[in-house]
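Novice: Starting off with a structure, shown below.
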Ligand SMILES: Nc1ncnc2c1ncn2[C@@H]1O[C@H](COP(=O)(O)OP(=O)(O)OP(=O)(O)O)[C@@H](O)[C@H]1O
Ligand SMILES: [Mg+2]
């Protein structure tokens with residue numbers, strides 16, 4: 001099992017430093033009463049730049065925990081994680097914050113918009129952190145909101161938007177900084193089928209433009225949109241076969 005994960009990469013041996021993303025024996029424990037709950041178990045995962053990967057697994061299997069580690073929001077208890085040639089455990093909090101704000105676009109499981117800000121201001125937020133000028137911020141936020149089909153909702157607040165529209169604002173916010181890596185946790189979980197398909201079409205476009213995408217889902221029909229699927233069950237990751245026969 002353990003060896004199987006890396007099989008796809010055997011033909012193209014590259015130094016770890018040159019891979020986009022490399023995880024080696026990643027473990028995560030959370031304290032649970034007196035004990036430690038073992039949430040991620042010896043995860044090995046390599047991703048090439050430009051890949052579109054889906055992590056498929058049931059509720060509680062560790063998907064969001066893994067996403068938080070990938071996005072440098074959390075750190076593993078043990079193991080090695082190399083992102084774009086950098087050993088993550090060697091980085092300072094400032095360097096990690098820089099990666100989070102400049103290189104990774106997050107779409108969280110619940111859209112996590114700020115209720116007091118309009119759609120436009122929510123989308124501008126990552127650009128404020130990145131120090132982009134107000135004019136440029138506003139231009140890029142509008143461009144992204146148009147792209148996700150919300151040109152007529154830019155000045156609405158989240159509570160004036162439907163769940164699907166809120167999710168699309170969250171997607172625009174994740175993309176506005178033009179991140180190399182897009183991390184999406186159940187991006188279609190709150191959407192009807194039609195809107196979900198639109199979001200999947202958008203992801204396909206983004207991937208064609210060169211964004212690396214990691215999409216987390218419990219739905220194999222959604223996972224099938226990715227080019228590669230890995231399964232996570234009870235904290236253990238295995239490389240997927242076809243998605244249609246899963
Ligand atoms: N901060 C925490 N402290 C303790 N246990 C946690 C913490 N976060 C998550 N867990 C536990 O880790 C396990 C994995 O949680 P995680 O959120 O990664 O699952 P998931 O696969 O994203 O599930 P879902 O599909 O329901 O979102 C769960 O059993 C959860 O209770
Ligand atoms: Mg989750």
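Novice: Of everything in region 177-227, what is buried (at least 21 other Cβ atoms within 10 Å of the Cβ), more than 30 Å from residue 137 (Cβ to Cβ) and within 16 Å of ligand 1 (Cβ to nearest atom)? Give them in sequence order.
Specialist: 217, 222, 223
Novice: Counting only residues that are out of contact with any helix residue (DSSP H, G or I) (no Cβ under 9 Å at 6 or more places or on another chain), on the phi < 0 side of the Ramachandran plot and outside any strand (DSSP E or B), how many does region 222-244 have?
Specialist: 4
Novice: For the structure I just gave you, tell me whether residue 178 is touching a strand residue (DSSP E or B) at 6+ places or on another chain (Cβ under 9 Å), at pLDDT below 90 and over 24 Å from residue 60 (Cα atoms).
Specialist: When the stated conditions are applied, residue 178 passes them.
Novice: Against the definition (within 16 Å of ligand 2 (Cβ to nearest atom), closer than 28 Å to residue 94 by Cβ and either surrounded by fewer than 20 Cβ atoms within 10 Å (Cβ to Cβ) or touching a residue at least 24 places away in the same chain (Cβ under 8 Å) (or both)), how does residue 172 come out, yes or no?
Specialist: No, not satisfied.
Novice: I'd like to check which strands (runs of 3 or more DSSP E) are fully inside region 38-120 and have at least 2 residues that are modelled with pLDDT under 95, within 11 Å of the chain's Cα centre (by Cα) and within 30 Å of residue 166 (Cβ to Cβ).
Specialist: Those strands (runs of 3 or more DSSP E) span 104-107.
Novice: Is it the case that region 205-215 has a residue that's in contact with a strand residue (DSSP E or B) (Cβ under 9 Å, 6 or more places away or on another chain), in contact (Cβ under 8 Å) with a residue 40 or more places away in the chain, away from ligand 2 (no atom under 16 Å from the Cβ) and part of a helix (DSSP H, G or I)?
Specialist: Checking region 205-215: at least one residue is in contact with a strand residue (DSSP E or B) (Cβ under 9 Å, 6 or more places away or on another chain), in contact (Cβ under 8 Å) with a residue 40 or more places away in the chain, away from ligand 2 (no atom under 16 Å from the Cβ) and part of a helix (DSSP H, G or I).
Novice: Against the condition away from ligand 1 (no atom under 16 Å from the Cβ) and under 19 Å from residue 214 (Cα atoms), how does residue 83 come out, does it pass?
Specialist: yes
Novice: Additional query: Select, from 119, 130, the only residue that is at negative phi, in contact with a helix residue (DSSP H, G or I) (Cβ under 6 Å, 6 or more places away or on another chain) and surrounded by fewer than 16 Cβ atoms within 10 Å (Cβ to Cβ).
Specialist: 130
Novice: Further question on the same structure: Which condition number in (1) away from ligand 2 (no atom under 16 Å from the Cβ); (2) touching a residue at least 60 places away in the same chain (Cβ under 8 Å); (3) closer than 30 Å to residue 234 by Cβ is the one that residue 200 fails?
Specialist: Only one criterion in (1) away from ligand 2 (no atom under 16 Å from the Cβ); (2) touching a residue at least 60 places away in the same chain (Cβ under 8 Å); (3) closer than 30 Å to residue 234 by Cβ is unmet by residue 200, namely (2).
Novice: Also, I was wondering about something else. If a residue must be surrounded by 18 or more Cβ atoms within 10 Å (Cβ to Cβ) and not in a loop (DSSP other than H, G, I, E, B), how many such residues does region 143-163 contain?
Specialist: The total comes to 3.
The values are calculated or read from the model by the stated rules, or taken from the named source; none is laboratory data. Treat the numbers as computed from the prediction; the structure is a model and nothing was measured. Note: ideal-geometry Cβ built from the backbone for every residue, glycine included; neighbour counts use all protein chains shown.
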